[in-house]
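Colleague: Below is one structure. I have some questions about it.
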Amino acid sequence: MLLTRNSVELLAPVGTWDVLEAAIEAGADAVYLGGKRFNMRMFKTNANFDDNLLAKAIEYAHKHNVRVHVTVNNLISDREIDNMRSYLKLLDKLQPDALIVQDLAVLELAREMNFSVPLHASIMMNTHNEHAVRVLQDYGITRVVASREMSLTQLTLLKERTGIEVEYFIHGDMCIAHSGQCVHSGVVFGQSSNRGRCLKPCRWPYELVDMTTGKPIEGPNPGPYKLAMKDMCLYMNLPQLIQAGVCSFKIEGRMRTADFVRNIVQVYRRAIDNYIADPLGYTPNLQDWQDLYNSRARDFSTCYALGNPGAKSIGYTGEREPRFFSQAVREADMTAPFTISAATTNDKQTDPVLAVRVADLPSLRAACQNGANIIYLGGEACKPSIPWTLTTITQAIEEANQYQAKVVVTTPRITMERECGELEQFFTNMNTIKPHGLMVSNIGALRLARELSDLPVQADFTFNVFNHLTAQLLKNNGISKATISLEATHEQVVKLLHESALPLEMIVHGSLSAMVTDHSISMAILNTSECGTYDHILDTRQYALLDTAGELHPIMVDQYDRSHLLFTKDLCLLPHLAALSTVHNYRIEGQYYTPELIGLITRIYRQELDKIRLQQSRYQFDTIQLDKLVAASPRKLGLGAFRYRISR
């Protein structure tokens, strides 16, 4: 590969005009910035650019031969679509060099409007496989900001197989969770990380405890900040980055000062130019490295660029944490204030469909015997459960058929190269076994399912369906039913159901994941995650994180060694089913429940849904049913994000 100055783009963050000037002066090839609407940095009122200043910023940058990427990278609700359409018209007129987008609805709008500005897939799209890239390319995406969990080797393969431009974060604040898949802040605070308002529960102090007893785990205790990722810094690894085919080196930090951005851009500018001028003769400038290190906020890590870093990526002591956005609070319970914000009527004319996700055959049997119409199985199997095999899936279909119930097989939430390879064989096998459908968790898995199977395909909650245009895009791509975002409030659910042309399902009960991470939380703390050791395989204990509000967050570890951090309270919308009269498809997430509990929950929800349909306006909820669930539940029950008027 022959390198020129155009081989690598140094992309700098900009939040204010003085930072724009500093970044350009320091040698940035491009800058990324947001308007006052629809971007992922919404806390500072003096940051971001209003419409007039946005036009001036683009003009100023272009005058200095610097490209401008505008962030339009948060989820949008149905009430915001008209405003988004208006904003896109403005941006089409202003002609920045690219838009960075998250919501699939923007792709629908761009196609509808014949939008002329190139589109880049935001990190929030969680793009981590070639099949997802190919779908995005069909919608005009020319570049992806690749998942932070991808290594440089994986990035090389992604670029070689698809031809897509790859942008990658090289410096700054990193999330421990998979981007676009963390709903912790949105559910607990009503401040969504997918909408630019994350209050960073991952930066809270926690204690590692035994999930069953709640007692602290004896052994190494590196510090209380168990999820606090160090800052990314790949200065010493620029040659590997460039040779991997990464075309854009992205610096994080749109809320940083002009001096901070100027210094970082200057250091990386010199290093990139020196390497391109003389790759074989290149050595890092140790003085620049020392200056970069001395001015750091948090300590540095290469994160996942060179492989899973384990404990080395976490700032356990919190000594260098520059700011804590929030402190631990108790999650809302069943007594939390709740207001029905829109008038609804009980207009059920057809039997409501009740789906239950289960982990084993006894649980499937219990759900079917108590009124489940659909059984979801497969995907991640978190210890002590084991993955479903082709044999047990076949048995599940046979058992469900006896109860006139359908079996829909789910797929893993994250599908890197290994999982995609497994899915190719799996989908082919499903054509023989013939479940009643498949449920996928990302657009890459969707593409594979449509190519390799003729079974109906559904979209799980991981697609973050927040508006009817996203639902429409999924329908256009062969999806038969989609799941509503976990962050949608009652008002948003009602409007979404009214507008959507695609059947939608709502999760109303269960143990839900606040975040999913490739970081092995417990193994890293206990020093059992070093490469080449397998002590953790024999460790049968189940762990949890205890926060300073006294709330216990179970850590569920799947067969891929990913950690799923659960909310401390299980979702329960039983008392509010009558307010959801326009919902037709309901789901219970029961994969962490015993068969006995699944039977009880399924029976109670089936009874209440049937009463609502039959009694309609005469229906009144009997709190005795809720008391039964409270008494039987392994965790306390709560209302999730449903109780908020809107998800901000």
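The values are calculated or read from the model by the stated rules, or taken from the named source; none is laboratory data. Keep in mind that this is a model prediction, so the values were computed, not measured. Positions of Cβ are backbone-derived with ideal geometry, glycine not excepted, and every protein chain shown enters the neighbour counts.
Colleague: With a cut-off of at least 3 residues that are touching a Pro at 6+ places or on another chain (Cβ under 9 Å) and polar (S, T, N, Q), name the strands (runs of 3 or more DSSP E) lying wholly within segment 1-95.
Modeller: Result: empty, no element qualifies.
Colleague: Taking Thr212 as meeting all but one of (1) out of contact with any strand residue (DSSP E or B) (no Cβ under 8 Å at 6 or more places or on another chain); (2) β-branched (Val, Ile, Thr); (3) within 20 Å of Leu306 (Cα to Cα), write down the number of the exception.
Modeller: That leaves (3) as the condition not met.
Colleague: Is there a residue in segment 196-204 that is farther than 21 Å from Gly310 by Cβ and in contact with a Cys (Cβ under 8 Å, 6 or more places away or on another chain)?
Modeller: Yes, the conditions are met somewhere in segment 196-204.
Colleague: What pairs come out if I take residues in segment 479-497 that are in the same structural domain as Thr410 (by TED's automatic domain parsing) and free of Cβ contacts under 8 Å to residues at least 60 places away in the same chain and pair them with residues that are part of a loop (DSSP other than H, G, I, E, B) and aliphatic (A, V, I, L, M) whose C-beta lies under 9 Å away, six or more apart or interchain?
Modeller: Pairs that qualify, where the first residue is in the same structural domain as Thr410 (by TED's automatic domain parsing) and free of Cβ contacts under 8 Å to residues at least 60 places away in the same chain and the partner is part of a loop (DSSP other than H, G, I, E, B) and aliphatic (A, V, I, L, M), are Ile479/Leu502; Ser480/Leu502; Ala482/Leu502; Ile484/Val583.
Colleague: For Thr391, indicate whether it is in a helix (DSSP H, G or I), of a type in the set (Val, Ile, Thr) and out of contact with any helix residue (DSSP H, G or I) (no Cβ under 9 Å at 6 or more places or on another chain).
Modeller: Judged against the criteria, Thr391 is a match.
Colleague: Within segment 268-310, take every residue that is over 22 Å from Arg5 (Cα atoms), crowded, with 18+ Cβ neighbours inside 10 Å and small (Gly, Ala, Ser) and give me the one that is nearest to the chain's Cα centre (by Cα).
Modeller: Ala305
Colleague: Select, from His120, His128, the only residue that is at pLDDT 95 or above and part of a loop (DSSP other than H, G, I, E, B).
Modeller: His128
Colleague: Restricting attention to segment 58-95, report how many residues are within 24 Å of the chain's Cα centre (by Cα) and small (Gly, Ala, Ser).
Modeller: Number of matching residues: 1.
Colleague: Something else: State yes or no: is Leu538 without any contact (Cβ under 8 Å) to a residue 40 or more places away in the chain and either touching a Lys or Arg at 6+ places or on another chain (Cβ under 8 Å) or surrounded by fewer than 16 Cβ atoms within 10 Å (Cβ to Cβ) (or both)?
Modeller: Yes: the conditions hold for Leu538.
Colleague: Restricting to segment 470-495, and then to whatever is at pLDDT below 95 and among the hydrophobic types (A, V, I, L, M, F, W, C), can you tell me which residue is surrounded by the fewest Cβ atoms within 10 Å (Cβ to Cβ)?
Modeller: Ranking the qualifying residues of segment 470-495, first place goes to Val493.
Colleague: Only one of Glu218, Glu252, Glu207 is under 27 Å from Lys159 (Cα atoms) and not basic (Lys, Arg); which?
Modeller: The unique qualifying residue is Glu252.
Colleague: It is to be established whether one or more residues within segment 101-113 are free of Cβ contacts under 8 Å to residues at least 24 places away in the same chain, surrounded by fewer than 21 Cβ atoms within 10 Å (Cβ to Cβ), more than 18 Å from the chain's Cα centre (by Cα) and not in a helix (DSSP H, G or I).
Modeller: So far as segment 101-113 goes, no, none of its residues is free of Cβ contacts under 8 Å to residues at least 24 places away in the same chain, surrounded by fewer than 21 Cβ atoms within 10 Å (Cβ to Cβ), more than 18 Å from the chain's Cα centre (by Cα) and not in a helix (DSSP H, G or I).
Colleague: What are the residues in segment 317-333 that are among the aromatic types (Phe, Trp, Tyr) and surrounded by 15 or more Cβ atoms within 10 Å (Cβ to Cβ), if any?
Modeller: Phe325, the sole residue that qualifies.
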